[in-house]
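Take a look at the structure set out below.
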Amino acid sequence: MLSIGELAAEVGVRASALRFYEQVGLVEPAAREGGRRRYEAEAVVRVRFVRFCQELGFRLAEIRELLAEPGDAAAKRRWRSLVDEKLRELELAAARAAAVREVLAASRDCDCITLEQCELVQRGLDACS
């Protein structure tokens, strides 16, 4: 069993983040001893998963849904829908990043005086819209 401080140190977050994760239903202490939270070793994996998902751009509500047990076909459909939506978001973000990269690379050696006058930049802005 891990204390909240031990778990926080193990996963690299503050104890306040763990309390917040608990408040929003992402992690639960296994028990309390003397009024203090105690966590099973599996909580390390769960919190690391939460952090990983956050780095990928998932919101906490989405992560909670991902962590929910898919008990039936409807839950599985909701999970797939969530993943499909996140994949679309990532594809759009990647396309925008590629467009910005292309504009920056092309305009780096451009002779235009201002970005507003640069045709390359304007085309890139249109592509990102």
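Each value in this text was obtained by applying a stated rule to the coordinates, not by laboratory testing. From a predicted model like this one, the values you see are computed outputs, not experimental measurements. With ideal geometry, Cβ positions are generated from the backbone for all residues, glycine too; neighbour counts draw on all protein chains shown.
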Checklist entry - So who's got an amide H within less than 5 Å of the one on residue 2, skipping anything under 5 residues away but keeping other chains? H placed 1.01 Å off N, in plane. => result 39, 40
Checklist outcome for this item: With a ≥ b ≥ c from the Cα gyration tensor eigenvalues, square-rooted, and the rule rounded for a/c under 1.5, otherwise prolate when a/b > b/c and oblate otherwise, the stretch 1-58 is prolate
Item to check | Spin-label model distance (nm) - residue 40 vs residue 83, 7 Å beyond Cα toward Cβ | outcome: 2.3
Checklist entry - Using Cα-only point scatterers and the Debye equation, what is log10 of I(q)/I(0) for the chain at each q in 0.10, 0.19, 0.21 Å⁻¹, rounded to two decimals? => result -0.54, -1.00, -1.12
Checklist entry - At 222 nm, what helix-only mean residue ellipticity would the chain give, in deg cm²/dmol to the nearest 500, using -39500 (n - 2.57) for each DSSP H run of four or more? => result -21000 deg cm²/dmol
